[in-house]
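The values are calculated or read from the model by the stated rules, or taken from the named source; none is laboratory data. Please read these numbers as outputs of a predicted model, since none were measured by experiment. A quick note on method: Cβ atoms are made from the backbone with ideal geometry, for glycine too, and the neighbour counts reach across all protein chains shown. Accessible surface areas use protein heavy atoms only, side chains included; no ligands, DNA or RNA. Shrake-Rupley method; radii C 1.70, N 1.55, O 1.52, S 1.80 Å.
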Amino acid sequence: MSIARSHFCARVRSRLEQLFIAFVGMLAFTGNALAGSATLAWNGVSAASGYLVYYGTASREYTQILDARANTRVTVSGLTDGVRYYYAVRAYRGADTSDYSQEVSGTVGSSDDITAPAAPSSLASLGASASRVNLVWRDNSNNESGFRIERRIGTGAWSQIGSVGANVITFASTGLRSSTTYNYRVRAHNGSGTSAYSNTVAVRTAAPAAPSNLAASVASRSRIDLRWRDNSNNETGFRIERRIGTGAWSQIATVGPNVTGFASTGLRSRTTYGYRVRAYNGIGTSAYSNVVSATTR
C-alpha cells in the first residue's frame, strides 16, 4: 500500500470513529410482524459506504453478519421465536470499519421488543469541586441505548446537559459556578422511548464540611494513630496539623478524599503532641476538627 493510500485510510477510519457517536446513539430494535424476524434501524454516517449488522444469541459474541449495504434499516430473518438475540452495527468504507455500536437486544416474537428501559436509580454525587460535580447511578435496564443527564440551578428550569452510552453509569458535570446549588436527574432511553427519571440529587459547589470526632491512640514510643469522621462528600482530601505541647501548629501531611485515618510517626518518646484536621477542595478549606492530645510512651 502506498503512503498516500495509508494516510487516506487512516483519515477515513478516524472520520468514521468520530461520527460513530451520533450513529450508535440512534440504534434501535423493533419487533416485526414477520415470524422469526426483527428489524433494526439506525442513524447513518456520512463517511460510510455501508453497514454490517452483527448478531447472535450471546452478548458481544456474534455468530452471524448481514451486509446492509448503504441502508440504515434492515430486517433480519431466519431467527427463532422466543429466543433473545443481541445486535450491533459497524460502519464501513472500503476495507476500513468503525468500532461496534452499542449493543441492543430483544426476544423474537416477544412484547419486550418495544419496551422502554427501566429508570436508573441511586443517583449520587461522588464529590464536587469549585467547578465540577461527579455523578454516579445504578443501571436497572438491559435494553437502553444510553442515558440523558439533566440539571437545574436551584429551583430553576431543568435542561439536558449531556448524554452517555449504554451501560455507562458515571458523568462529570463541569464548568460550574462556585458556591452554587445544582440539582441533577438521569433517565434511560432507547428507540421505544424514555424511562422515568431517577431520584434527584442536589450538590453545592462549596468548601467541604469540617471533619469531627478526631481521636488519637498511642501506638508506640514514636507513633500516634489518628481517626476522624468524614462529614463531607466534596473534599479533595484532608490536611493534618500537629503541635508539640502548646507550641505552634504546623501541617505535617495530607491524605486523599474519604480517608479517615493517619499514622503520625517519627515522634519523640514521652512527649505530648496535639492534632487537628480539616478538609479541603478547590474552593477552600473547612473549619478544623476538634483538637486531641496524646503523649508517647
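Residues in the stretch 80-104 that are buried (at least 18 other Cβ atoms within 10 Å of the Cβ) and small (G, A, S): A88, A91, S98, S101. With the condition kept exactly as written, say whether any residue in the stretch 86-107 is farther than 22 Å from G44 by Cβ and not in a strand (DSSP E or B). Checked the stretch 86-107: no residue is farther than 22 Å from G44 by Cβ and not in a strand (DSSP E or B). Say whether the condition of being buried (at least 17 other Cβ atoms within 10 Å of the Cβ) and in contact with a Gly (Cβ under 7 Å, 6 or more places away or on another chain) is met by at least one residue in the stretch 208-225. The answer is no; no qualifying residue exists.
Selection of strands (runs of 3 or more DSSP E) fully inside the stretch 178-233 by the criterion of at least 1 residues being of a type outside the set (S, T, N, Q) and farther than 28 Å from L135 by Cβ returns 212-220, 223-229.
Pairing residues of the stretch 200-227 that are within 16 Å of G284 (Cβ to Cβ) with residues that are among the charged types (D, E, K, R) and surrounded by fewer than 19 Cβ atoms within 10 Å (Cβ to Cβ), at Cβ distances under 7 Å and at least 6 apart in sequence or on separate chains, gives T205/R177; P211/R229; P211/D230. R270 meets all of the listed conditions (1) on the phi > 0 side of the Ramachandran plot; (2) open to solvent by less than 50 Å² (accessible area, probe 1.4 Å) but one, namely (2). Checking each residue in the stretch 234-248 for being part of a strand (DSSP E or B) and aliphatic (A, V, I, L, M) picks out I240, I244. Looking across the stretch 236-248 at every residue that is closer than 13 Å to V259 by Cβ and not β-branched (V, I, T), the one that is nearest to the chain's Cα centre (by Cα) is identified as G237. Residues in the stretch 177-207 that are hydrophobic (A, V, I, L, M, F, W, C) and touching a strand residue (DSSP E or B) at 6+ places or on another chain (Cβ under 7 Å) were compared, and the one that is farthest from E150 (Cα to Cα) is A207. Within 28 Å of the chain's Cα centre (by Cα) and at negative phi: does that describe N233? Against the criterion (within 28 Å of the chain's Cα centre (by Cα) and at negative phi), N233 qualifies.
For the stretch 135-158, taking the residues that are closer than 14 Å to T181 by Cα, open to solvent by 50 Å² or more (accessible area, probe 1.4 Å) and of a type outside the set (S, T, Y), the one that is farthest from the chain's Cα centre (by Cα) is identified as A157. Listed by first and then second residue, the pairs linking a residue in the stretch 89-101 that is polar (S, T, N, Q) to a residue that is open to solvent by 50 Å² or more (accessible area, probe 1.4 Å), with Cβ atoms under 9 Å apart and 6 or more places separating them unless they lie on different chains, are T97/R13; T97/R90; S98/R13; S98/E17; S98/R90; S101/R90.
For Y288, the conditions (1) in contact with a Phe, Trp or Tyr (Cβ under 8 Å, 6 or more places away or on another chain); (2) closer than 26 Å to R177 by Cα; (3) modelled with pLDDT of 95 or more are fulfilled apart from (1).
Considering only residues of the stretch 115-134 that are buried (at least 18 other Cβ atoms within 10 Å of the Cβ) and within 23 Å of N43 (Cα to Cα), which is nearest to the chain's Cα centre (by Cα)? Across the stretch 115-134, the extreme among qualifying residues is P117. Scan the stretch 244-258 for residues that are in contact with an Asp or Glu (Cβ under 8 Å, 6 or more places away or on another chain) and modelled with pLDDT of 95 or more and the total you get is 4.
Take the residues in the stretch 105-114 that are surrounded by 17 or more Cβ atoms within 10 Å (Cβ to Cβ) and over 15 Å from G56 (Cβ atoms), then tell me which one is modelled with the lowest pLDDT. Filtering the stretch 105-114 for residues that are surrounded by 17 or more Cβ atoms within 10 Å (Cβ to Cβ) and over 15 Å from G56 (Cβ atoms), the one modelled with the lowest pLDDT comes out as D113. When E241 is tested against (1) modelled with pLDDT under 95; (2) open to solvent by less than 20 Å² (accessible area, probe 1.4 Å), only condition (1) is not met. Here is the figure for the stretch 54-72: residues that are open to solvent by 90 Å² or more (accessible area, probe 1.4 Å) and within 27 Å of the chain's Cα centre (by Cα) total 2.
The selection criterion, being under 22 Å from the mean Cα position of the chain (by Cα) and modelled with pLDDT under 90, does not hold for T200.
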